[in-house]
Amino acid sequence: MGMKARLERYVIRPDLELRRLRRSDAAALFACVDRNRSYLRAWLPWLDMSADASDMMGFIESSLAGYQSGGCFRLAMMVDGELAGCVAIEDIEPAHRCAKIGYWLDARQQGKGLMSDAVRFLMRHAFEERGLHLLELRAAVDNAPSRAVATRVGMKLDGVLRQREWLYDHYVDLAVYSVLAPEWRALSGA
Ligand SMILES: CC(C)(COP(=O)(O)OP(=O)(O)OC[C@H]1O[C@@H](n2cnc3c(N)ncnc32)[C@H](O)[C@@H]1OP(=O)(O)O)[C@@H](O)C(=O)NCCC(=O)NCCS
């Protein structure tokens, strides 16, 4: 890392802080994934690759690499001081100034608007700090809570990718949402 001091944490609201992942998060991250395993497995394809805390280290290491390379930007969701999910800018493509958003949240923290606020922060960060032009979000067509997040934060539906994701034993169609930098400026009043 260079000489530039890096802001590590972002206070989003009194009960929500986003901060960079650390190697010391492995145990708490695994505990959170493990207690939400069946709930997350309904929509996320990586649960069977997260069998123990050491599997979490691979995810954390690639997140640390992403901070350095700029390839991705993943943050821990700290809800009332406890690790309760992740939110990320993934697949950052400098040539096209586009990237994807991804997220998951502890089931017991749903219904508070935490993810919508976290995604709004990531949109601001992507467009203002990183100069991106487009953010995309892909959610299985039947994943109503995730599609509601996309709509709530002002993303628009581009279309549906047929059978685009393999979920353990079946394919799912993915709804693709996006927001462009000028649309975000209009939404945010910036
Ligand atoms: C997708 C997921 C993050 C959505 O979580 P969520 O809590 O519904 O999303 P939000 O944080 O935006 O909260 C919205 C809910 O809080 C309510 N809410 C309460 N206070 C709110 C506030 N201040 N602002 C916005 N919403 C608020 C909303 O009414 C909504 O509840 P509803 O669904 O009963 O109408 C969560 O379901 C999840 O992790 N799912 C499993 C993993 C997954 O699918 N990941 C995405 C793959 S594409």
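Quick notes on this one:
- Helical mean residue ellipticity (222 nm; -39500 (n - 2.57) per DSSP H run of 4+; nearest 500) of the chain: -9500 deg cm²/dmol
- Under the membrane-span-like helix rule (DSSP H runs whose alpha carbons stretch at least 20 Å along the helix axis, mean Kyte-Doolittle hydropathy -1.0 or higher), the chain yields 53-69.
- Residue-wise HN-Hα couplings along region 175-180, as the Karplus relation 6.51 cos²θ - 1.76 cosθ + 1.60 with θ = phi - 60° gives them from phi, are 7, 10, 10, 8, 9, 9 Hz; Gly and Pro carry x.
- Here W43 sits with roughly 80 square angstrom of accessible surface, probe radius 1.4 Å.
- Think of a 1.4 Å ball rolled over the protein heavy atoms: region 131-190 then has 55 Å² of accessible area per residue.
- Close amide H partners of M77, meaning residues 5 or more places away or on another chain with modelled amide H under 5 Å apart, are A84, G85, C86, V87.
- Given their separation in residues at 0.36 nm each and the Cα-Cα distance between them, A186 and D48 gain 45.6 nm when the chain is fully extended.
- Residue with peak Gaussian network fluctuation, the chain [Cα springs, cutoff 10 Å], from P14, P94, P145: P14
- Top of V119, V160, V179 by mean-square fluctuation, Gaussian network on the chain, Cα under 10 Å: V160
- Accessible surface of region 127-174, 1.4 Å probe, proportion on carbon and sulfur as whole %: 45 percent
- In this structure K100 has an accessible area near 50 Å², from a 1.4 Å probe over the protein heavy atoms.
- Within a Gaussian network of the chain (alpha carbon springs, distance under 10 Å), most fluctuating of D80, D91, D169: D169
- Treating r as the C-beta distance of A31 and D158 and R0 as 41 Å, the FRET efficiency rounds to 0.70.
- Residues whose amide H lies under 5 Å from that of S50, counting only those 5 or more places away or on a different chain, are absent; hydrogens are built 1.01 Å from N in the peptide plane.
- If you wrap the Cα atoms of region 10-188 in a convex hull and average its projected area over all directions, you get 9.9 nm².
- The slack in the chain from S24 to H170, taken as 0.36 nm per residue of separation less the alpha-carbon distance, amounts to 49.1 nm.
The values are calculated or read from the model by the stated rules, or taken from the named source; none is laboratory data. The structure displayed is predicted, hence computed values, not measured ones. Note that each Cβ is placed from the backbone with ideal geometry, even for glycine, and that neighbours are counted across all protein chains shown. We work out accessible area using only protein heavy atoms, side chains counted, and drop any ligands, DNA or RNA first. Shrake-Rupley method; radii C 1.70, N 1.55, O 1.52, S 1.80 Å.
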